[in-house]
1. Does any residue in region 105-126 that is in the same structural domain as ASP89 (by TED's automatic domain parsing) come within less than 7 Å, Cβ to Cβ, of a residue that is basic (Lys, Arg) and surrounded by 15 or more Cβ atoms within 10 Å (Cβ to Cβ) six or more places away or on a different chain, and which pairs are these?
2. Pick out the one residue from LEU151, LEU119 that is more than 13 Å from the ligand (Cβ to nearest atom), crowded, with 21+ Cβ neighbours inside 10 Å and not polar (S, T, N, Q).
3. Counting only residues that are in contact (Cβ under 8 Å) with a residue 24 or more places away in the chain and in contact with a Lys or Arg (Cβ under 9 Å, 6 or more places away or on another chain), which one in region 234-252 is most open to solvent (accessible area, probe 1.4 Å)?
4. Kindly indicate which of GLN20, GLN25, GLN13 is in contact with an Asp or Glu (Cβ under 6 Å, 6 or more places away or on another chain) and either at pLDDT 85 or above or buried (at least 20 other Cβ atoms within 10 Å of the Cβ) (or both).
5. Which one is farthest from GLN101 (Cα to Cα) among residues in region 219-230 that are open to solvent by less than 60 Å² (accessible area, probe 1.4 Å) and near the ligand (Cβ under 7 Å from one of its atoms)?
6. Among the residues of region 40-67, which ones are touching a Leu at 6+ places or on another chain (Cβ under 7 Å), open to solvent by 30 Å² or more (accessible area, probe 1.4 Å) and under 14 Å from ARG6 (Cβ atoms)?
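The values are calculated or read from the model by the stated rules, or taken from the named source; none is laboratory data. Source: prediction; values computed, not measured. Heads up, the Cβs are rebuilt from the backbone with ideal geometry, glycines too, and the neighbour counts pull from every protein chain shown. The area values use the complete protein model at the heavy-atom level, side chains included, leaving out ligands, DNA and RNA. Shrake-Rupley method; radii C 1.70, N 1.55, O 1.52, S 1.80 Å.
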Amino acid sequence: MSQLQRLAVSPSQIEADRLQLTDRQQHYLMRVLRLQTGDRFIALDGAGHGWMAALQGREAVLLEPISTQTELPIAVTLLIALPKNGMDDIVRQATELGVSQIVPVLSARSLLNPSPQKLDRWQRIAQEAAEQSERQIVPAVLPPHRWQEALQIGQDTGCDPGCDSGCCLYLCEARGDRPPLLTCLKAKLIDRANWLPVTLAVGPEGGWTEAEVEEAIAVGYQPVSLGKRILRAVTAPIAALALVGAVLDDVN
Ligand code: SAH
């Protein structure tokens, strides 16, 4: 089973076996993931097609199609502020629900940097959960990032190439009069032809700070509600991911 990173691409970027990368995608693959020429990743076109791809200079070559049978049809990134407890459960359950990549966030109200051993452990849990759920792709658990960097990663993977607005970038906020995530998803994921990757951000036990919410909104994230009840930090990402899966299954 592959542990490779997934990259959402637009069909217009593909010509024969060449994949043209946008500046943002180049930054993501080379700077964030630190891939080098020859390194492999999975390219998904959001319309149910996937390829094993290899980086080649500033573009990529498509090596072979891959089966994406049990995978969600779009990439779903979870930005998760590190909780005091329960990260193991979040990684396991998020993987079962089809998440593509998990980005631990060092938010103002979360704990200090986790050890490299913790990261290895989370990646192992993701591997086991992917096997359990008969997935083809093991989600990547990235090293922890500061909020601004995490928001950027969400944009790199959660935006249609070249899109300035209308992306599926959602910030879950426990309080405030925010539109329901379900309503937002249904409005955006109406039909297969317009599917965009989704990024979800969930805060720590103490919630996001006002500054964090403002920073996210400033770069295009839509604050959303998961209902009138306050969910625990370990429950909220699972509820959000279940909604994404349900909407995609319904449209599919
Ligand atoms: N202590 C905070 C709640 C934190 S809950 C308070 O009392 O306000 C942890 C995280 O889960 C939140 O930051 C948010 O991202 C998410 N969350 C919990 N309940 C939610 C809800 N009803 N709607 C949207 N997000 C929610």
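1. Close Cβ pairs satisfying both conditions: ILE125/ARG92.
2. Values: LEU119 fails: crowded, with 21+ Cβ neighbours inside 10 Å.
It is LEU151.
3. ASN252
4. Numbers: GLN25 fails: in contact with an Asp or Glu (Cβ under 6 Å, 6 or more places away or on another chain); GLN13 fails: in contact with an Asp or Glu (Cβ under 6 Å, 6 or more places away or on another chain).
Just one listed residue meets the conditions, GLN20.
5. GLY227
6. ARG40, TRP51
Per-residue answers, yes or no, for (1) near the ligand (Cβ under 9 Å from one of its atoms); (2) farther than 26 Å from LYS84 by Cβ; (3) touching a His at 6+ places or on another chain (Cβ under 9 Å); (4) open to solvent by 70 Å² or more (accessible area, probe 1.4 Å):
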{"residue": "CYS172", "(1), (2), (3), (4)": "yes, no, no, no"}
{"residue": "LYS186", "(1), (2), (3), (4)": "no, yes, no, yes"}
{"residue": "VAL198", "(1), (2), (3), (4)": "no, yes, no, no"}
{"residue": "VAL202", "(1), (2), (3), (4)": "yes, no, no, no"}
{"residue": "THR209", "(1), (2), (3), (4)": "no, no, no, no"}
{"residue": "ARG232", "(1), (2), (3), (4)": "yes, no, no, yes"}
